1. Determine the gain in length on full extension of the stretch residue 143-residue 39; use 0.36 nm per residue of separation and subtract their C-alpha separation, reporting nm with one decimal.
2. Taking R0 as 35 Å, what's the FRET efficiency between residue 77 and residue 8 from their Cβ-Cβ distance, rounded to 0.05?
3. So if we plug the beta-carbon distance of residue 1 and residue 252 into 1/(1 + (r/R0)^6) with R0 = 25 Å, what FRET efficiency do we get, rounded to 0.05?
4. Excluding same-chain residues fewer than 8 positions from residue 172, which lysines have a Cα within less than 18 Å of its Cα?
5. Given +1 on the Cβ of Lys and Arg, -1 on the Cβ of Asp and Glu, and no further charges, what dipole in debye does region 62-146 carry about its Cα centre, rounded to the nearest 20?
6. What is the set of long-range amide H partners of residue 29 at a cut-off below 5 Å, with H atoms built 1.01 Å from backbone N?
7. Which of the GluC sites (Glu not before Pro) across region 47-119 are loop residues per DSSP, with 10 or fewer other Cβ within 10 Å?
8. Taking the number of other C-beta atoms within 10 Å as the exposure measure, put 59, 148 in order starting with the fewest.
Amino acid sequence: MLKSMTGYGRGEGTVNGRHIVFEVKSVNHKYFECSARITRGCLFLEERLKAFLQSQVSRGKLDVFLQVENVEGTGTVVEVNQALAGAYYKALGEVKDRWSLPGEVDLSMLCRYSDIFSVRKAPEDEDALWEAVLQVAQPAVQSLLQMREAEGRRLEKDIREKAEGILALVGKIEERAPETVEQYRQRLRARIQELLGDNTLDEQRVLTEVAVFADKVAIDEETVRLRSHFAQLWALLAAEGPTGRKMDFLVQEMNREVNTIGSKSLNPEIAHLVVDIKSEIEKIREQVQNIE
């Protein structure tokens, strides 16, 4: 099944106290390339994320966005500087006794001194975070792949239609190719007869000249190879796995054969058919550029 290199997927959810947003989009590219924008503090996930995506996608330029936010109260550690709190408690008690102040030194009084407390982010469990991200990323990547497959089916249909049209044109060229030799033979006979006047025409010489010309303009080998290339194209369209690069090379070979046919042919009708074929092959080439 053909797959396009164009697609998009998005996932969002809350997993184990983390709100996760994941987006991925892909466009055509000669190789696999991935650029990621990831929440600060979660950059350690980048290599895992790229490896995961490369296991799912062979070719294409991927742009990834990953946002991870802890739900309120999650992933935060509050620590108490017990030594500092004790020092405050002792100092306040001394002030109270020194000046015979009323009241007691209690928790509410100590809480006024914010430097007793420190708030920091709890250390991340990298494996647990990765598993949480995967739960959101996998459905998004599946959406991406489904879009690429749907676009691949459309590309396959279009390529098949264009290829069948080209083969029909090749058939017309093959029908008209013998006419080129016959037209040359008739022109040659007429020209020689004009030059000789009433003298006898050397039929064997004419046949020899026609045979040499026929060999020069013969396009049988090119049309056979061209049909062989299209047979390979059918096989690639039905193959599993990435085939885009092979198709790209095959289209180049098709162009080469058609150019040779055009250079050999002196028949205007064949020349027009060659132009039509080259136009259709170029359309196939443009489609192939987006195949994985």
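Since every read-out is calculated from the coordinates, none of them should be taken as a lab result. These numbers come from a predicted model, not from an experiment. Glycine also receives a Cβ, built like all others from the backbone with ideal geometry; neighbour counts cover every protein chain displayed.
1. Working: separation 104, 0.36 × 104 = 37.44 nm, distance 2.24 nm.
Result for the pair: 35.2 nm of gain on full extension.
2. Details: r = 38 Å, r/R0 = 1.09.
E between residue 77 and residue 8, to the nearest 0.05, is 0.40.
3. 0.60
4. The qualifying lysines are 162, 264, 278.
5. Working: 6 positive and 14 negative charges, 109 e Å.
Here the size comes out at about 520 debye.
6. The answer is 60, 61.
7. Working: sites: 47, 69, 72, 79, 94, 104; in loops: 72, 104.
Filter output for region 47-119: 72, 104.
8. On the way: 59 19, 148 24.
Arranged by neighbour count, lowest to highest, 59, 148 become 59, 148.
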